[in-house]
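Heads up: the structure comes next, in C-alpha cells.
The values are calculated or read from the model by the stated rules, or taken from the named source; none is laboratory data. The shown structure was predicted, so the numbers you read here are calculated from the model rather than taken from an experiment. Cβ placement follows ideal geometry from the backbone for every residue including glycine, while neighbour counts extend to all protein chains displayed.
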Amino acid sequence: MLNIKIGKIYGIEIKLRISTLLIIGLVGFYAANFYAILVPTVSLIDLLLVGIINGLIILASILVHELAHSIVAQRYGLKVKEIELYLFGGASKIEEEPRTPKSEIIISAVGPLSSLIIGGLLLIFLFTLPLSLPLGVVITLFYSGISNIGLGFFNLFPAFPVDGGRILRAILWAKRKNLVAATKTASRVGTFFAYGLIVYGFIQFLLFGLNGIWLILIGTFLNNQTKQSYLQVLNEETLSHLNAKDMISVPRLEIPFNLTLLEAISQFFMLYKKEYFPVIKNGLIIGIIHIDDIKKVPVEQRSEFIVGYAMRKLNDFPSIYDDDSGKQVMKKFVQMESKPQLLIVKEHRDDFILGLIGKDDLVSSLRFCQLNPEKCQ
Ligand SMILES: [Zn+2]
C-alpha cells in the first residue's frame, strides 16, 4: 500500500500509510460527534476544527508510542529502520528480535507506558485548568486523554504480537529458555483474544449497531498478525540451521546477456515456467530479467531487443553472504522492498555471485526441513 515519508527522528524513518488518513478522519469524526451530542447548537466550523485537531493528536500519540519502543530498542543496540503508521496504530520495524527476555519486556512495556502517561497528563492538565475554558478545548483534552489511555490498555492485551503479548512471551521465554515454544503459547493466547474481540464485536453489532464492526475488524487484523508473527518466528528458527548457500535455486538456469527477448521467452520463460532468471555475461551473473521487464518492451520490438538491455542490475536487489544463516535470509525477505523479492548470494571471501534466493526457494527450503528434520535441528 502507498506510503508517505514524513521525516526522520533519531535516524528512524517515519512513514505514513494512506490508510492512516482514515483513522485521523474516524477519530476526528467520533470526537466531533461527541461534541455535537454535548452541545447540539455547535457550529460546523468548530466541529471540523475539533475533529481535525483530535485526529492529528491521536496520530502524534501513536507516533510517540512507537518512538518510545524504537528509542529504547536502539539503546539495547538493536537497529530500527523505520516506524510505519497505519490504520490500526503503528509498528516499529526493529531489525532483530530482542536478545534477552529482559530487553524484550522493557522495549515492549515503554510503548503502552508512554501512552498511559500522556493520557494521564492530559486529563490532569484538564482538571487543573479553569472552568471558563472553551468547550472545544475541554473536549479535545478529555478525548485525547481517554484515547491515549485506551491505546495504552489495548496494547497491554496479552495477545502476541501486541506489546502485552510480547511481554507474556518474554516471561515464558525466560522460564522455559525456548523462544519458539514461548512464541507458540503467546500466539495461542493472542488468537484467543482476537476471536474474543470478534465475538464481542458481533454481540455489540447486534445490540448497538455499527460500532461493533470496529471490534470485529480489529480482531480480524489481530488474528492475522498473530498468525504471521508466529510463522515468522517458527520459520526463522527452522531455517537458522541452514546457510544461505543451501537455499540457492538449483539447478541454476541462466540467460545469456545477448539473447533476444523473443528467444528468452521461448527458450526459458515458456520452457521452465519461472518468473525470472539471472543474466550472465562471460560466465558472471550481471543482472536479473523478470517477466515484467519483458512486458514493458512492445511485442514488435522483442525480436531485436536483447536481454542485457531489458534486465535489472544486481544493485537493485539486496545481497547476503553464502555463510549467513537462513534466519538472516528470512529477515532480509521480511524487510525487502524490491519486486520481485530476490536475494543475491555472494561468496564471503571475494564477493563472487553464487546465485539467487527467491520466495519459492524459501518455501522449498522450509519443505526440505519438514522432510529432513534432523538436518534442520
Ligand atoms: Zn506498542
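Kindly indicate whether any position in the range 35-45 is touching a residue at least 24 places away in the same chain (Cβ under 8 Å), touching an Asp or Glu at 6+ places or on another chain (Cβ under 8 Å) and assigned to a helix (DSSP H, G or I). Yes, because at least one residue in the range 35-45 is touching a residue at least 24 places away in the same chain (Cβ under 8 Å), touching an Asp or Glu at 6+ places or on another chain (Cβ under 8 Å) and assigned to a helix (DSSP H, G or I).
Evaluate the following for Ser92: is it of a type in the set (S, T, N, Q), part of a strand (DSSP E or B), within 15 Å of the ligand (Cβ to nearest atom) and within 18 Å of the chain's Cα centre (by Cα)? Against the criterion (of a type in the set (S, T, N, Q), part of a strand (DSSP E or B), within 15 Å of the ligand (Cβ to nearest atom) and within 18 Å of the chain's Cα centre (by Cα)), Ser92 qualifies.
Got at least one residue in the range 279-294 being without any contact (Cβ under 8 Å) to a residue 12 or more places away in the chain, over 30 Å from the mean Cα position of the chain (by Cα) and surrounded by fewer than 16 Cβ atoms within 10 Å (Cβ to Cβ)? So far as the range 279-294 goes, yes, one or more of its residues are without any contact (Cβ under 8 Å) to a residue 12 or more places away in the chain, over 30 Å from the mean Cα position of the chain (by Cα) and surrounded by fewer than 16 Cβ atoms within 10 Å (Cβ to Cβ). When the residues of the range 79-89 are filtered to those that are in a loop (DSSP other than H, G, I, E, B) and modelled with pLDDT under 80, the one that is farthest from the ligand (Cβ to nearest atom) is Leu87. When the range 295-312 is filtered for residues that are acidic (Asp, Glu) and either surrounded by 15 or more Cβ atoms within 10 Å (Cβ to Cβ) or without any contact (Cβ under 8 Å) to a residue 24 or more places away in the chain (or both), only Glu300 remains.
Looking only at the range 218-249, which residues are touching a residue at least 12 places away in the same chain (Cβ under 8 Å) and hydrophobic (A, V, I, L, M, F, W, C)? Correct list: Ile218, Phe221, Leu222, Val233, Leu234, Leu239, Leu242, Ala244, Met247, Ile248.
The residue pairs whose first member lies in the range 59-72 and is under 12 Å from Ser108 (Cβ atoms) and more than 10 Å from the ligand (Cβ to nearest atom), whose second member is part of a helix (DSSP H, G or I) and at pLDDT 90 or above, and whose beta carbons are closer than 7 Å, counting only pairs six or more residues apart or on different chains, are Val72/Ile106; Val72/Ile107; Val72/Val110. Can you spot a residue in the range 354-362 that is in contact (Cβ under 8 Å) with a residue 24 or more places away in the chain, farther than 18 Å from Val279 by Cα and not in a helix (DSSP H, G or I)? No; the residues of the range 354-362 include none that is in contact (Cβ under 8 Å) with a residue 24 or more places away in the chain, farther than 18 Å from Val279 by Cα and not in a helix (DSSP H, G or I).
Checked against (1) more than 27 Å from Val80 (Cα to Cα); (2) part of a loop (DSSP other than H, G, I, E, B), Asp351 passes all but condition (1).
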